[in-house]
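Below is one structure, written out as structure tokens; comments come after it.
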Amino acid sequence: MNRSVASRRHAIADDLRTQISTGHIKPGERLPSEAQLAAHYTVSTPTLRNALALLQAEGLVEKVHGKGNFIRHPLPRITYVGGGHTVSNTTLDVSVRTTKVRARGHLTNLLQVAAGTPLTEFLYLSQAGKSPHSLVRIYIPRDLAPAATPGESPGPKGAAAALLAEPRLPLFKVQESICARLPTPTEAATLRISSTLAVLAITRVTADTTGHIVEVALLTLPGDRAEAVFTTHLSAKDRRAEG
């Protein structure tokens, strides 16, 4: 894509974004057809679609097959602050499903166990009303997992957070990695998001005081409603060194 086409694409997105933020175009309202918008901005239909794709990725516009492009109602925001903790600007309901599984694929490497090792999977699906919002999967060697009955138990956010925070063993080290990627087909279906919408994928590996991996958490946060914030506290010595 040449620079002039890219510039027009961003200019169109900026104009529509401004109209949305100022309330000139309201949530739930359908945009003019792509052909009408392309004519209005004097660009080709592919360029117009690329501009709309930027707004769709930001969660501002939703394309409904056979009906057109609609302004989305504001999505509840979720902020990952590290250590497995998230903060939302609204109350989310969380359902918890517990399943007995066996280690395979990347889980064997993350947990440093042999293939086929018995694990307990805790699947947390948060929802805003009836809409899935974020997905967390926690894997623990079965002999270390807290007592739980396999199945599904819906409950308020506080109950799920309590289970997440429940101490099991003296912990020593938590390592987190974060990346942006496209969702897997299962994640897209579970969260009801487009397969082209990037997600914030966070992997948290926890070890005990002996260095053994006791827990792996995989967080999937849709990019149109999530961000990660990390805070570093500097000592007086660090501040002097920076100065």
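The values are calculated or read from the model by the stated rules, or taken from the named source; none is laboratory data. Bear in mind that the values here come from a model prediction, so they are computed numbers and not experimental data. Virtual Cβ from ideal backbone geometry, glycine too; neighbours counted across all protein chains shown. In case anyone asks, the SASA skips ligands and DNA or RNA and just uses the protein heavy atoms, side chains included. Shrake-Rupley method; radii C 1.70, N 1.55, O 1.52, S 1.80 Å.
Flag: residue 142 matches the condition of being modelled with pLDDT of 80 or more and open to solvent by 50 Å² or more (accessible area, probe 1.4 Å).
Taking the criterion of being hydroxyl-bearing (Ser, Thr, Tyr) and closer than 11 Å to residue 136 by Cβ, the residues of segment 72-89 that qualify are 80, 86. In the condition set (1) closer than 21 Å to residue 8 by Cβ; (2) surrounded by fewer than 17 Cβ atoms within 10 Å (Cβ to Cβ), residue 70 is compliant with all but (1).
Right, residue 9: closer than 26 Å to residue 131 by Cβ and assigned to a helix (DSSP H, G or I) or not? So residue 9 fails the test.
Within this structure, residue 30 passes the test of being open to solvent by 70 Å² or more (accessible area, probe 1.4 Å) and touching a Phe, Trp or Tyr at 6+ places or on another chain (Cβ under 7 Å). Scan segment 212-243 for residues that are of a type outside the set (A, V, I, L, M, F, W, C), more than 21 Å from residue 125 (Cβ to Cβ) and either surrounded by 10 or more Cβ atoms within 10 Å (Cβ to Cβ) or modelled with pLDDT of 90 or more (or both) and the total you get is 2.
When residue 21 is tested against (1) surrounded by 11 or more Cβ atoms within 10 Å (Cβ to Cβ); (2) more than 11 Å from residue 69 (Cβ to Cβ); (3) under 31 Å from the mean Cα position of the chain (by Cα); (4) of a type in the set (S, T, N, Q), only condition (1) is not met.
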